[in-house]
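One structure is given below, encoded as structure tokens.
Quick note: the coordinates plus some simple rules give every number you see, no bench work behind them. All figures in this text were calculated on a predicted structure; none of them were measured in a lab. Please note: Cβ atoms are built from the backbone with ideal geometry, for glycine as well, and neighbour counts cover all protein chains shown.
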């Protein structure tokens, strides 16, 4: 994981990564009448209009309810503070809606870490696992993919990061995610990343 210390851009997922996971995706799919085992965005995109718009709107409403109870993941603020102090470019790419994203970041105290153009939601174009939002954030930051890392708790994050050419970290609190082989690094908590968020010119003891 020493390579992470030299990364000049860190791009984070939001729900379940910077926040304590609360989303019950199985319950959401049942409420939305979507098939099990398929991503909510992908399942909704396959629907004809006007059902697609109606269910997308309801998905936004459900996401807003989750945003109102958002809490920061352990270690999230310390990690962002350390990276910010080092001058690292901080980005956020989420499959959530923009309004929900802004409210969530405000509630967990992380809204001040990300410039508006460094935050991309599902309302801003193709969603993960497409690498496009990762590449757009990197273009905005001026950092090449090989000097960036994507941190997230789902396979969408890892797949998007890999496709963009960045390093990837899977947050896996259980320690037994089936997606672990996809990631360059796996951690059970964000605190594990603190040593690699430090200034690389300062010896770590």
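Ordering 13-20, 187-194 by mean Cβ neighbour count within 10 Å, with the highest value first, yields 13-20, 187-194. Compared with the dominant Cα axis of the chain, that is its longest principal axis, helix 98-107 is turned about 50°. Put a dot 7 Å past the Cα of residue 147, heading toward its Cβ, do the same for residue 20, and the two dots end up 3.8 nm apart. The Cα atoms of the range 25-67 give a gyration tensor whose axes a ≥ b ≥ c have a/c of 1.5 or more with a/b no greater than b/c, which makes the shape oblate. Take every Cα pair under 8 Å whose residues are at least 6 apart in sequence, average their separation, divide by the length of the range 25-67, and the relative contact order is 32 percent. Once you reduce the range 34-68 and the range 103-172 to the center of their Cα atoms, the two points are 21 Å from each other.
Mean separation of Cα pairs under 8 Å and 6 or more residues apart, divided by the residue count, gives the range 58-205 a relative contact order of 22 percent. Report for the chain the percent antiparallel among DSSP-assigned beta bridges with both residues inside it, nearest 5. Close to 5 percent. Over the residues of the chain, the helix contribution to mean residue ellipticity at 222 nm works out to -10500 deg cm²/dmol, using -39500 (n - 2.57) for each DSSP H run of at least 4. With a Förster radius of 45 Å, plug the Cβ-Cβ distance of residue 130 and residue 194 into 1/(1 + (r/R0)^6) and report the FRET value to the nearest 0.05. It comes out at approximately 0.90. The protection proxy used here, the mean number of other Cβ atoms lying within 10 Å of each residue, ranks peptides 31-41, 136-146 as follows, highest first: 136-146, 31-41.
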